[in-house]
1. Please list the equivalent ellipsoid semi-axes of the stretch 2-261, computed as the square roots of five times the alpha-carbon gyration tensor eigenvalues, in descending order and whole angstrom.
2. For a 25 Å ceiling on Cα separation, which of these pairs sit above it: Lys12/Lys223; Lys50/Lys78; Lys192/Lys223; Lys5/Lys50?
3. Among Tyr24, Tyr161, what is the fewest-to-most ranking by other Cβ atoms within 10 Å?
4. What ranking of Lys16, Lys50, Lys223 emerges when the number of other C-beta atoms within 10 Å of each C-beta is taken as an exposure proxy, fewest first?
5. Taking the Cα centre of the stretch 1-141 as origin, work out the dipole magnitude from +1 charges on Lys and Arg Cβ and -1 charges on Asp and Glu Cβ, in debye rounded to 20.
6. Quick check on the exposure proxy: order Cys263, Cys230, Cys198 from fewest to most C-beta atoms within 10 angstrom.
Amino acid sequence: MEMWKELATCSKIVVKVGTSTLSYPNGRLNYQRLVRLADTLAKIQLTGRKIILVSSGAIAVGAGRLGLASRPADLAGKQALAAIGQAELIRIYRRFFEAREQQVAQVLLTKDIVIRPDRRENARNTLFELLNMNIIPIINENDTVATDEIEFGDNDTLSAYVAELAEADLLILLSDIDGLFSADPRKHSDAKIIPVVCEITKDLERSAAGAGSGFGTGGMATKIEAVRICRNSGIKVVIANGANPDIISNIIAGRESGTLFYCSRKINAGYTDMNIRNTDTV
């Protein structure tokens with residue numbers, strides 16, 4: 001499909017990995033998948049493309065370190081686990097990437113980069129400088145200091161703002177879902193993945209309900225919101241299953257792998273009603 005083939009020309013790519021991708025259902029970190037992720041991204045970086053990784057998992061790692069079965073409900077508890085887990089998570093990433101001779105940098109953001117122009121510009125300059133130095137930024141929300149007023153709430157939204165900030169060509173959202181289906185596959189056995197979505201309606205946003213895993217915060221609704229943010233800047237988005245990180249290589253080679261939310265141009269900011277269109281019959 002021609003729209004998928006266009007992804008082979010994308011040079012700046014943001015990859016977001018969710019907690020469900022990085023960990024087992026019990027919250028324990030999936031080291032094998034992390035190794036494969038590092039290997040895949042390091043190889044892509046060698047081709048001259050620029051990679052930014054938005055990684056969830058700090059709270060899950062912190063919970064694992066303390067032997068907790070689920071994430072706490074209160075903000076202070078989440079922040080404490082994030083403080084424990086983020087240090088461990090970046091240490092693991094650094095070890096795996098450096099084994100592949102790829103340098104990484106930790107960048108922790110809060111939502112004021114969207115609200116305050118000075119902080120937005122500072123964050124943008126830092127990202128561009130890291131990319132110029134051939135370093136892969138590994139980004140997470142600064143959960144330790146975030147409050148209800150300034151938190152992103154999920155890394156799908158964060159990754160969309162990062163893609164916009166970095167002027168990326170493509171955002172890849174990896175989770176435990178294969179893409180956008182024509183119906184809920186848990187209830188409809190004949191549900192099929194929609195390979196390309198060119199436009200989005202409010203009806204689609206309202207229908208995209210459901211929570212993420214016990215340790216994660218995302219779901220399809222947050223991914224559709226990420227698409228909406230990226231669409232305003234002409235950034236293409238792919239939702240795919242991250243169980244095999246090699247899928248990233250397939251996506252940037254232009255091979256159909258999940259659902260592509262296609263946008264050919266930057267549009268005016270601000271949401272208006274649009275119609276959803278699928279290029280295939282489902």
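Each reported figure results from applying straightforward, stated rules to the coordinates on display, with no laboratory input. Quantities reported herein were computed from a predicted structural model and do not represent experimental measurements. Every residue, glycine as well, gets a Cβ built from its backbone with ideal geometry; the counts of neighbours run over all protein chains shown.
1. Values: eigenvalues 121, 101, 74 Å².
Each semi-axis is √(5λ); the values are 25, 22, 19 Å.
2. Values: Lys12/Lys223 20 Å; Lys50/Lys78 32 Å; Lys192/Lys223 18 Å; Lys5/Lys50 19 Å.
Where the Cα-Cα span goes over 25 Å, the pairs concerned are Lys50/Lys78.
3. Values: Tyr24 14, Tyr161 22.
Listing Tyr24, Tyr161 from fewest to most nearby Cβ atoms yields Tyr24, Tyr161.
4. Values: Lys16 31, Lys50 23, Lys223 28.
Least crowded to most crowded, the residues run Lys50, Lys223, Lys16.
5. Working: 21 positive and 12 negative charges, 42 e Å.
Roughly 200 debye for the stretch 1-141.
6. Numbers: Cys263 20, Cys230 24, Cys198 16.
The most exposed by this proxy come first: Cys198, Cys263, Cys230.
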